[in-house]
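One structure is given below, encoded as structure tokens.
A short reminder: the numbers here are calculations on the coordinates, not readings from a lab. Small disclaimer: the values here were computed from a predicted structure and weren't measured. Note: ideal-geometry Cβ built from the backbone for every residue, glycine included; neighbour counts use all protein chains shown.
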Amino acid sequence: MKSQVEERPAAANPYIPYPVRIAEITVENEARDLKTFKLVFEREEDRQAFAYLPGQFAEVSVLGAGESPFGIASSPTERDYLLFTVKLTGSVTAELHGSEAGRRIGVRGPLGNTFPWQRLEGKDLVIVSGGFAFTTLRSAITYMLDPANRSKYGRIFALYGARSPGELLYKKQLAAWKGAEGLSLNLAVDRQPGEPWDGKVGLVPNVLRDLAPSAGNAIALVCGPPIMIRYTIPALQELGFAKQDIILSLENRMKCGIGKCGRCNVGAKYVCTDGPVFSFAELEKLPPEY
Ligand SMILES: Cc1cc2nc3c(=O)[nH]c(=O)nc-3n(C[C@H](O)[C@H](O)[C@H](O)COP(=O)(O)OP(=O)(O)OC[C@H]3O[C@@H](n4cnc5c(N)ncnc54)[C@H](O)[C@@H]3O)c2cc1C
Ligand code: FES
């Protein structure tokens with residue numbers, strides 16, 4: 001007998017996940033608590049139906065364990081697979097971390113809004129990120145560097161910080177980006193490491209002040225832990241960024257992901273459908289619950 005997943009097209013019911021297989025698992029960091037899962041759709045029509053843009057997230061489900069929201073780390077220009085980078089946190093993420101390539105799991109989405117891609121056209125980008133929140137910004141950079149999109153966006157300044165070199169995600173990708181036309185990639189670690197390090201040293205907001213990217217024709221995309229965001233916003237404002245030109249992504253706790261359960265609201269906004277991407281100007285009007 002066919003399972004419910006196989007009988008009903010996922011797109012017709014937003015609660016039913018698409019069946020996917022784990023094609024590859026990459027351990028990202030020395031602490032081994034961050035893994036990237038490369039997922040492939042079992043059905044070609046599902047792959048085509050899953051149309052997304054950088055900034056969006058999806059619910060990843062494991063039978064018997066439940067589902068959790070994760071930012072989509074792949075770019076739509078990487079057409080054959082989805083990437084999710086998952087920190088080992090609790091029950092669902094433990095089940096994912098304990099999985100092996102070949103396992104069948106589910107993906108429900110794409111969910112939420114995107115980075116404001118129309119507004120970003122013709123603009124320079126200042127990308128600021130810390131820790132494992134770099135996921136959707138990896139997606140954004142990959143998307144903008146794709147030859148089909150490159151002429152739509154100006155220069156890209158990226159600052160990505162982690163506690164130590166071993167905690168930086170996507171090391172091969174970061175190396176491949178060095179020298180990419182129009183991209184200034186700056187890596188930072190909190191303290192001078194014992195190993196050779198040719199990047200910056202310092203906390204992200206301080207390194208940002210030192211590097212002082214121009215706010216002239218730029219919009220800032222910021223993803224990181226709440227403490228980093230709290231100190232990065234004033235640094236961006238000192239550099240001349242207006243509140244509506246500082247774009248942030250929230251990671252509030254969620255359940256349904258589609259605006260039905262009321263689990264993720266901040267004031268009158270649902271982070272899962274009105275967000276997760278908001279400008280600082282929008283967030284300032286909301287209660288400080290994020
Ligand atoms: C839009 C969005 C994008 C996200 N993107 C990523 C991503 O790319 N990579 C990633 O690793 N994680 C991401 N997260 C967080 C991720 O959803 C949670 O870590 C995950 O749901 C934990 O599931 P679990 O069953 O393993 O943990 P649980 O067993 O449910 O919880 C373990 C502990 O973590 C706490 N917790 C769970 N979810 C959150 C949360 N959202 N905020 C703060 N504390 C929480 C619980 O209260 C509990 O203390 C994202 C969340 C959102 C809403
Ligand atoms: S998670 Fe259910 S309303 Fe947002």
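The ellipsoid that matches the Cα gyration tensor of the chain has semi-axes, each √(5λ) in whole angstrom, of 31, 22, 19, with the longest given first. Taking other C-beta atoms within 10 Å as the exposure proxy, Leu63, Leu82 rank Leu63, Leu82 from fewest upward. Mean residue ellipticity at 222 nm, helices only, the chain: -5500 deg cm²/dmol; runs of at least 4 DSSP H residues each add -39,500 (n - 2.57), and the sum is divided by the number of residues. Comparing Tyr270, Leu63, Ile246 along the charge dipole axis of the chain, the residue lying farthest to the positive side is Tyr270, per the Cβ-charge model.
For segment 85-99 versus segment 188-265, the inter-centroid distance based on Cα atoms is 25 Å. Only Cα pairs under 8 Å and 6+ residues apart enter the sum, and on that basis the relative contact order of the chain stands at 17 percent.
Sites listed here are GluC sites (Glu not before Pro) in segment 61-98 whose DSSP assignment is loop and whose Cβ has at most 12 other Cβ atoms within 10 Å, and the list is empty. Rg ratio for segment 212-283: its Cα radius of gyration over 2.2 N^0.38 Å, N being its residue count, equals 1.22. Along its three principal directions, the equivalent ellipsoid of segment 1-148 from the Cα gyration tensor extends over semi-axes of 25, 20, 13 Å, largest first. Under the classification rounded if a/c is under 1.5, otherwise prolate if a/b is larger than b/c and oblate if not, where does segment 61-186 fall, given a ≥ b ≥ c as square roots of the Cα gyration tensor eigenvalues? Judged from the Cα gyration tensor, segment 61-186 comes out prolate (a/c at least 1.5, a/b above b/c). The average projected area of segment 153-290, computed from the convex hull of its Cα atoms over all directions, is 9.6 nm². Take the Cβ atoms of Glu30 and Glu284, set R0 to 51 Å, and the FRET efficiency comes out at 0.85. Computed from the Cβ-Cβ distance with R0 of 30 Å, the FRET efficiency linking Ala175 to Arg21 stands at 0.60.
Positive-end ranking of Val128, Pro76, Val107 along the dipole of segment 75-140, with charges on Cβ about the Cα centre, is headed by Val107.
Only the Cβ atoms of Lys and Arg (+1) and of Asp and Glu (-1) were treated as charged; on that basis the dipole of segment 103-167 about its Cα centre amounts to roughly 240 debye.
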